[in-house]
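Working notes, beginning with the structure itself.
Nothing in this text is a laboratory measurement; each read-out follows from the coordinates by a stated rule. Computed from a predicted structure; not experimentally measured. Positions of Cβ are generated from backbone atoms using ideal geometry, with glycine treated the same way; all protein chains shown enter the neighbour counts.
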Amino acid sequence: MENKTYVDLVLIAFPVVSGILIFFIKRLMNNHDRHGEKIVEIEKNYVKKEELEKKQKELKNELQSIVKEQITDVKDDIRQLKSEFSDSNNKTLKAVESLSKEVNDIKINYIDKNEFVRQNTALSTKLDKILDMIVEEKEKNAYKK
């Protein structure tokens with residue numbers, strides 16, 4: 001009977017032990033699968049340090065070249081604006097000089113309104129004196145006859 005007890009014990013213990021082993025193996029496999037999924041997700045979403053540094057260097061070089069191009073464009077624009085401004089200044093200076101000459105000519109060749117009125121008043125006074133003298137001369141000649 002002792003053999004039968006061992007057999008019964010083995011028949012009962014074997015399914016229990018195999019169930020416990022299967023439980024732990026299944027749990028281990030599930031953990032392994034979850035870790036595999038996380039590793040795949042990490043590989044999709046993350047970059048290796050070397051790749052990141054390489055990409056940063058490429059972007060830095062690209063940015064530097066773009067900045068250099070923009071700096072040269074801005075320098076060209078500044079040169080162009082300076083030349084246009086210089087041309088405008090030269091034209092303005094020439095126009096001012098021309099106007100200054102014309103104003104000087106006007107000062108030399110023309111008189112102002114007050115001077116014109118004074119000259120006309122003086123001329124009128126002289127003409128009045130001459131006319132008075134002519135009238136007096138005619139009256140003297142008329143008395144003599």
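Summing Lys and Arg as +1 and Asp and Glu as -1 over all other residues whose Cβ lies under 13 Å from the Cβ of K54 gives a net charge of 0. Sort out for me the Cα centre separation of the range 80-142 from the range 13-68, rounded to whole Å. Between the Cα centres of the range 80-142 and the range 13-68 lies a distance of 98 Å. Placing unit charges on each Cβ (+1 for Lys and Arg, -1 for Asp and Glu) gives the chain a dipole about its Cα centre, and among L123, I20, F85 the Cα reaching farthest toward its positive end belongs to L123.
Subtracting the Cα-Cα distance of N89 and L28 from 0.36 nm times their residue separation leaves 13.3 nm of extension gain. Helix-only arithmetic for the chain: the sum of -39500 (n - 2.57) across DSSP H runs with n ≥ 4, divided by the residue total, places the mean residue ellipticity at 222 nm at -35000 deg cm²/dmol. The stretch between V10 and K144, if pulled fully straight at 0.36 nm per residue, gains 29.6 nm over its current Cα-Cα span. Rg ratio for the chain: its Cα radius of gyration over 2.2 N^0.38 Å, N being its residue count, equals 4.04. Relative to the current alpha-carbon distance between V67 and K38, full extension at 0.36 nm per residue lengthens the span by 6.4 nm.
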